[in-house]
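Participant: Following this message is one structure expressed as structure tokens.
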Amino acid sequence: MEILQLLLYGIILGSILSLGAIGVSLTFGILRFANFSHGDLMTIGAYVTLVVFGILKMPFWIGFIVALVVTAALAVLIDKLLYRNFRRSQPIILLISSFGVALILRSLIQLIWGPDNQVFEQGIQIAQKFAGLRIKPDQITILVGTAVLVIALHLFLQKTKVGKAMRAVADNAELARLTGIDTEKVIMWTWVMGGALAAAAGIFLGLDTRLFPEMGWNILLPVFAAAILGGIGNPYGAVAGGIIIGIAQEMSTLFLDPAYKPAIAFALMVVILIVRPTGIFAGRST
């Protein structure tokens, strides 16, 4: 039963990692650079929800939607002000720029909300029992919310013109441009989707644990490990990678101190880079 309980916790953690990894994967697939500010966009999303839900006392779902919109808009704004100027530069320039953006965002969070831990709601949640497994209402929200967002993303990528254009640009940007696809519009939608999903990941992480300025940065390694494991550039692979990393981290507590859980993600990332550098689902169409 303990293994099944850890499996459930792993799926919950994996859900959060998956949402973060999808954004990283989309950004890399379209723009060809690793966005190190993604974790801090997750943190921004969590704190915006805290303002709407915890301070303004509005319903949680309104805070959730506001956070997705604000974070997506912020991601687009950063691209317009900074990343667009380096579009034709070497990827390392964009990578370093994203690192600088991450530091700026984290400093702003500390200035506005302070360095202390915060929570969406005070008090202790009573875990419910299903088939002998314990799960809190917030964790059910995480699982259901992740499933809804992943299905919505799938429909967006498969059924809409913008989604199909994003897949075409990810496969071959030059060919997509020659066929008349507006690549700047595709890039804008990439930031919208990546920012919104980052916000959702940050909110769910805040629900499951607590809010603090480094929460997004601290989880960035498992998020990148999930994206690489699934095949970076492949959003479906990112979902699978996130679940695998989440389960592996929770299962590792059977024989390791929980403080070493992040090391499991790092170890898996190193192994996959050695054995299959393109990831498990590399080469499969999105």
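The values are calculated or read from the model by the stated rules, or taken from the named source; none is laboratory data. From a predicted model like this one, the values you see are computed outputs, not experimental measurements. Glycine gets a Cβ as well: all are built from the backbone with ideal geometry, and neighbour counts include every protein chain shown. Surface areas here come from the heavy atoms of the whole protein model, side chains and all, with no ligands, DNA or RNA. Shrake-Rupley method; radii C 1.70, N 1.55, O 1.52, S 1.80 Å.
Participant: Is it true that some residue in the range 191-209 is out of contact with any Asp or Glu (no Cβ under 6 Å at 6 or more places or on another chain) and over 20 Å from residue 71 (Cβ atoms)?
Facilitator: Here is the first cut: in the range 191-209, the residues out of contact with any Asp or Glu (no Cβ under 6 Å at 6 or more places or on another chain) are 192-206, 208-209.
Subsequent filtering for residues that are over 20 Å from residue 71 (Cβ atoms) retains none.
Within the range 191-209 (the criterion being out of contact with any Asp or Glu (no Cβ under 6 Å at 6 or more places or on another chain) and over 20 Å from residue 71 (Cβ atoms)), the answer is no, since none of the residues qualifies.
Participant: For the range 109-147, what are the residues that are open to solvent by 80 Å² or more (accessible area, probe 1.4 Å) and either under 22 Å from residue 47 (Cα atoms) or part of a loop (DSSP other than H, G, I, E, B) (or both)? Before the answer, list the steps.
Facilitator: Going through the range 109-147, the residues open to solvent by 80 Å² or more (accessible area, probe 1.4 Å) turn out to be 111-112, 115-117, 121-122, 124, 126, 128-131, 134, 144.
Hits for the range 109-147 are 111, 112, 115, 116, 117, 121, 122, 124, 126, 131, 144.
Participant: Quick one: in the range 173-190, of everything that is assigned to a helix (DSSP H, G or I), under 16 Å from residue 163 (Cβ atoms) and open to solvent by 70 Å² or more (accessible area, probe 1.4 Å), which residue is modelled with the lowest pLDDT?
Facilitator: 185
Participant: Could you list, in sequence order, all residues of the range 49-75 that are of a type in the set (A, V, I, L, M), crowded, with 18+ Cβ neighbours inside 10 Å and under 16 Å from the mean Cα position of the chain (by Cα)? Break it down stepwise before answering.
Facilitator: Going residue by residue through the range 49-75, those that are of a type in the set (A, V, I, L, M) are 50-52, 55-56, 58, 62, 65-70, 72-75.
Then drop every residue that is not crowded, with 18+ Cβ neighbours inside 10 Å, which leaves 50, 52, 66-68, 70, 72, 74-75.
Hits for the range 49-75 are 67, 68, 70, 72, 74, 75.
Participant: I need the helices (runs of 4 or more DSSP H) fully contained in the range 191-286, keeping only those with at least 2 residues that are in contact with a Gly (Cβ under 7 Å, 6 or more places away or on another chain), open to solvent by less than 60 Å² (accessible area, probe 1.4 Å) and not aliphatic (A, V, I, L, M).
Facilitator: On the way: elements: 215-218, 220-230, 235-251, 261-275.
It comes to 235-251.
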